[in-house]
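> I have a structure here, written as structure tokens, and I will follow up with some questions on it.
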């Protein structure tokens, strides 16, 4: 795939990532308040959303690629806290540190996370993996991480991915992501 098409896809889904946070919690400290407003952003008419288990498959109108799979993770109080998005990489030459990149995960959190803590991912009882935040903008903070075939297989076989972030004064906050429907959604990308 050429670089320009890859950038277009990234921009398309990066815009999609910010949708749920334009109305919902703007800071991680908001997660600690009682009954914060749930996101109510409307889905643009040029996107088609199809539920697949606990995931949503999001494509351009008519189901045309590029597509991504997404899930909104909730904090311990049940309020929307993060968005987890997975996109396949079509470039056969995508290799980082000698490992072929199969997909990319974009995880967006509200503002107020402790950046030096980063984000941690644990699939069922596997070893925890860490990732740094890339950028924070007015709608939240982004972690963008390549996913190897090994990680994709763990997600396919798993039941829950546990995302941990930390907030000033609140410490670590664990946000579960259901993996029900992950395999079918990923196969549809």
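> Counting other beta carbons within 10 Å of each Cβ, put 46, 90 in order, fewest first.
Ranking 46, 90 by Cβ neighbours within 10 Å, fewest first, gives 46, 90.
> For 157, 122, 138, 88, what ranking results if the residue with the fewest other Cβ atoms within 10 Å of its Cβ goes first?
Fewest-to-most ranking of 157, 122, 138, 88: 138, 157, 122, 88.
> Fewest to most neighbouring Cβ within 10 Å: what's the order for 144, 87?
Lowest count first: 144, 87.
> At residue 137 and residue 115, where each label point lies 7 Å from the Cα along Cα→Cβ, what is the point-to-point distance in nanometres?
1.6 nm
Laboratory data are not the source of any read-out in this text; all were calculated from the coordinates shown. Computed from a predicted model, the values in this text were never measured in an experiment. Cβ: placed from backbone, ideal geometry, glycine included. Neighbour counts: every protein chain shown.
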